[in-house]
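A.B. asks: Before anything else, here's the structure in question.
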Amino acid sequence: MKEHILFIIDGLPGGGAENVTIRLCHGLSQRGYQVTLLSLAEKCDYAIPADIELLIDADSYHGLFYRQTELKRRANSMDKTLQALFARKGIPALIVSNLHKTDRIVALSKQLADKNVWYCIHGIFSQSYLGNKKGFSRWLKQKKIQKVYQGKNIITVSNAAGQDLIENIKIVPNQLKTIYNPFDIQEIRTLASENNPYQKQDYLLHIGRFHQVKRHDRLLEAFALANLPCKLLIAGQGSSEVTSNIKNKIVALNLENKVSLIGFLANPFPVIKDAKAVVLSSDSEGLGNVLVESLICNTPIVSTNCLGGISEIMEGELADYKSELNSASLAEKMRLAYFNPPKITPNMYQKFDIDEVIRQYIELIYSQRISIMSQNTF
């Protein structure tokens, strides 16, 4: 029987971590593993490859004390699903939990208590979860995060994310490994050759979920200051509140004729390929997936020099296209990329190739076995 690998995630809406998880599942399946993807919510904005078994264990409870009982309730429900799965396909050689809400549930699981579980951290926790908190509220949130990850096996998608976890959240993991997100270079180029409905326009492009950390306000202010002879396309989706804030900002800056919200893109690569530049304006990024994808598509990139893995992508000549965390500096880098784009070479993105990343995930299986054998020797 093929070895079994399980990925767990709290839903599959159109986000970077969700896309990366599916890509990993498919890559491991293509290399001979049985792969199960367990989603803890119904929502799925992605097509799931046929070689991946998708299981859904959504929470349908809407009664009293919903929030107070949510984590234990969902962990118990998940355990029933896992018990049936393990009886059918065997105990997974590797289990990877993705996103903090998932991790909080997985940490309470009895079925997973003695398994080879790794928690994959996709962001900068001190910014995402503590950035807007002070005093007792900040202390309490930090303690809750520590309770989930202390002494656990942890994967981070950038060195910066791991450093943040240790230095700012004060986590002492059992093991900590940086494994970059995987990018199938040939597949991205093939998808990029498909039709682009915006091909006849000159435009800058921003792709990202509609969330405060992405700083769409800074993006729009910078674009207004840059005063470039092109449009700005903003791809993504989010809450009605954040979407409304973005629309109001566009109106306030008189950019209605220069900015278009184009929604979630199932295949963003044709739009990336034809962009004058792809721009990120965030306060933090776990890695910055769209920057790697843009380089693969031979598209210039601009980003704020924010907390996270940006500097692990934008090295050498690309470092000139990192801005300070303000609109004026970002506008300057937009103009630089538009009028003086960098020469993009394969060495700028080769370390993110899917074959290298998959190899490192497979190593997590064998390193666990070596550890067990060593313990049994003594």
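All of the numbers you see were taken from the coordinates with simple rules; none came from a lab. Keep in mind that what you see is a predicted model, and the values were worked out from it rather than measured. Ideal geometry is used to build each Cβ from the backbone, glycine not excepted, and the neighbour counts take in all protein chains shown.
A.B. asks: Please compute the contact order of the chain in relative form: average sequence separation of alpha-carbon pairs under 8 Å and at least six residues apart, divided by the residue count, as a percent.
C.D. replies: Averaging sequence separation for qualifying contacts and normalising by length gives 15 percent for the chain.
A.B. asks: Continuing with the same structure: Which whole-number percent gives the relative contact order of the stretch 185-352, counting Cα pairs below 8 Å spaced six or more residues apart? Could you put the intermediate results ahead of the total?
C.D. replies: Details: 301 pairs, mean separation 43.2, N = 168.
About 26 percent, as a whole number.
A.B. asks: Across every pair of different alpha-carbon atoms, what Kirkwood hydrodynamic radius in Å does the chain reach? Mind showing how you got there, number by number?
C.D. replies: On the way: mean 1/r = 0.0458 Å⁻¹.
Final number for the Kirkwood radius of the chain is 21.8 Å.
A.B. asks: How do T156, T21 line up, fewest other C-beta atoms within 10 Å first?
C.D. replies: Values: T156 28, T21 25.
With the fewest neighbours first, T156, T21 line up as T21, T156.
A.B. asks: Using only Cα atoms, find the angle between the long axis of helix 135-149 and the longest principal axis of the chain, and express it within 0 to 90 degrees, rounded to the nearest 10.
C.D. replies: Tilt relative to the chain: about 50 degrees.
A.B. asks: Also, quick follow-up: Using a simple charge model, +1 on the beta-carbon of Lys and Arg, -1 on the beta-carbon of Asp and Glu, nothing else, what dipole does the stretch 185-352 show about its Cα centre, in debye to the nearest 20? Mind showing how you got there, number by number?
C.D. replies: Numbers: 17 positive and 17 negative charges, 64 e Å.
So the magnitude is around 300 debye.
A.B. asks: The stretch 138-225: which trypsin sites (Lys or Arg not before Pro) are DSSP loop and have at most 10 other beta-carbon atoms within 10 angstrom?
C.D. replies: Working: sites: R138, K141, K143, K144, K147, K152, K170, K177, R189, K200, R209, K214, R215, R218; in loops: K152, K170, K200, R209, R215.
For trypsin sites (Lys or Arg not before Pro) across the stretch 138-225 that sit outside H, G, I, E and B with at most 10 neighbouring Cβ atoms in 10 Å, the list reads K200.
A.B. asks: Given bins 10 angstrom wide, list per bin the percent of all Cα-Cα distances in the stretch 185-352, short to long.
C.D. replies: 11, 43, 38, 8, 0
A.B. asks: What is the angle, in °, between the Cα long axis of helix 327-339 and the longest principal axis of the Cα atoms in the chain? Nearest 10 is fine, range 0 to 90.
C.D. replies: The angle comes out near 70 degrees.
A.B. asks: If we count other beta carbons within 10 Å of each Cβ, what is the order of F210, F125, fewest first?
C.D. replies: Numbers: F210 20, F125 24.
With the fewest neighbours first, F210, F125 line up as F210, F125.
A.B. asks: Listed highest first by mean packing, meaning other Cβ atoms within 10 Å per residue, what order do 55-68, 339-352 come in? Show your work: numbers first, answer last.
C.D. replies: Values: 55-68: 10.8, 339-352: 14.2.
In descending order of packing, they fall as 339-352, 55-68.
A.B. asks: Another question about this same structure. Looking at the stretch 196-302, which GluC sites (Glu not before Pro) are DSSP coil and have at most 13 other C-beta atoms within 10 Å of their C-beta? Don't skip to the answer; put the middle values down first.
C.D. replies: Working: sites: E221, E241, E256, E285, E293; in loops: E256.
Counting only loop positions with at most 13 other Cβ atoms within 10 Å, the GluC sites (Glu not before Pro) in the stretch 196-302 are E256.
A.B. asks: Using mean Cβ contacts within 10 Å as the protection proxy, how do 310-316, 178-184 order, highest first?
C.D. replies: Highest to lowest by the protection proxy: 178-184, 310-316.
A.B. asks: Listed here are the pairs K43/K72; K133/K214; K43/K152; which of them are more than 24 Å apart at the Cα?
C.D. replies: Numbers: K43/K72 21 Å; K133/K214 18 Å; K43/K152 28 Å.
From K43/K72; K133/K214; K43/K152, over 24 Å: K43/K152.
A.B. asks: log10 I(q)/I(0), Debye, Cα-only the stretch 39-109, no solvent, q = 0.14, 0.17, 0.18, 0.25 Å⁻¹?
C.D. replies: Here log10 of I(q) over I(0) equals -0.50, -0.73, -0.82, -1.38.
A.B. asks: How large is the Kirkwood hydrodynamic radius of the stretch 50-184, in angstrom, based on all distinct alpha carbon pairs? Walk me through the numbers on the way to the answer.
C.D. replies: Details: mean 1/r = 0.0612 Å⁻¹.
After inverting the mean inverse Cα-Cα distance, the result is 16.3 Å.
A.B. asks: Loop only per DSSP, at most 12 neighbouring Cβ atoms within 10 Å: give me the GluC sites (Glu not before Pro) in the stretch 1-52, ordered by residue number.
C.D. replies: Values: sites: E3, E18, E42; in loops: E3, E42.
Those satisfying the criteria are E42.
A.B. asks: Could you tell me how far the Cα centroid of the stretch 303-317 sits from the Cα centroid of the stretch 92-109, in Å?
C.D. replies: 29 Å
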